[in-house]
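This report concerns only the one structure given below.
The values are calculated or read from the model by the stated rules, or taken from the named source; none is laboratory data. In this text the structure is predicted, and so the values were computed from the model without any measurement. Cβ coordinates were reconstructed from backbone atoms using ideal geometry, including for glycine residues, and neighbour counts include every protein chain displayed. Calculation scope for accessible area: heavy atoms of the full protein, side chains included, ligands and nucleic acids excluded. Shrake-Rupley method; radii C 1.70, N 1.55, O 1.52, S 1.80 Å.
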Amino acid sequence: GNLRLSRSGTSENPKLDPLDVVKCHYRALLGGLNYIATGTRPGITFTVNQLSWYANAPTQAHWDVAIDCLRYLNHTQNWGIKLGGGGFIAQVDWLHKLPDNPSSVAYADANHGTGIDDKKSISGVLIKVLGGPVSWASRVQPVTSTSTTESEYRALSETSREALWILKIVEFFGLPSRPFLIRGDN
């Protein structure tokens, strides 16, 4: 949904009491979630990152979001990432022509000014090669953007830098790399 975290709670409950960290081991739970996100489940990385901002003074709402993250992991434990989806390899004549669908596509998006505490925007980056995701990121933009357009341009710039790095790897493996599309939603 649209739930956003803040120092004192959430967008729905902005003033909550601190969590009893003696009874609820918030940092230990975050450590476990971070280990899982880093090793096998990158889809929860953004949530774990957001929860980590409040590790020094969590509220019950932060704890509830962390528990919901565990529930999500439990219900999606058989999900995975498929590389080379869509039969792409069979469609490509590797030596003579570029495919109609480029082998590499990047996506950029931004969420303007969503930080309750600092009003900073968030950039999202996803890069797919042969139909499967190989690089993704979600980062708070270092500068407060004054408009949606500015935050979208910042996200496109981040995506361009990441795409240039991925392009070198794609070319190293001899895969068709041009055109390398970068798609935004504006």
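Listing for the model above:
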| read-out | value |
| --- | --- |
| Simple spin-label estimate for N78 and R4 in nanometres, 7 Å along Cα-Cβ | 3.7 |
| Long-range HN-HN contacts of A110 with modeled amide H, under 5 Å | G124 |
| Counted charge near T146, where neighbours are those whose Cβ lies closer than 13 Å (Asp, Glu -1; Lys, Arg +1) | +1 |
| Placed amide H near T59: partners under 5 Å, 5+ positions off or other chain | L19 |
| Net charge of Cβ neighbours under 14 Å - reference S135; Lys, Arg +1; Asp, Glu -1 | +2 |
| Packing-based order for 19-27, 149-157, using average beta carbon neighbours within 10 Å, highest first | 149-157, 19-27 |
| Accessible area in square angstrom per residue, segment 130-186, 1.4 angstrom probe | 62 |
| Estimated distance in nm for a label pair at K15 and S52, the labels positioned 7 Å out from Cα along Cα-to-Cβ | 3.2 |
| Cα-centred dipole magnitude for segment 114-184, charges only on beta-carbon of K, R (+1) and D, E (-1), debye, nearest 20 | 180 |
| Exposure ranking of D185, D109 by accessible area [1.4 Å probe, largest first] | D185, D109 |
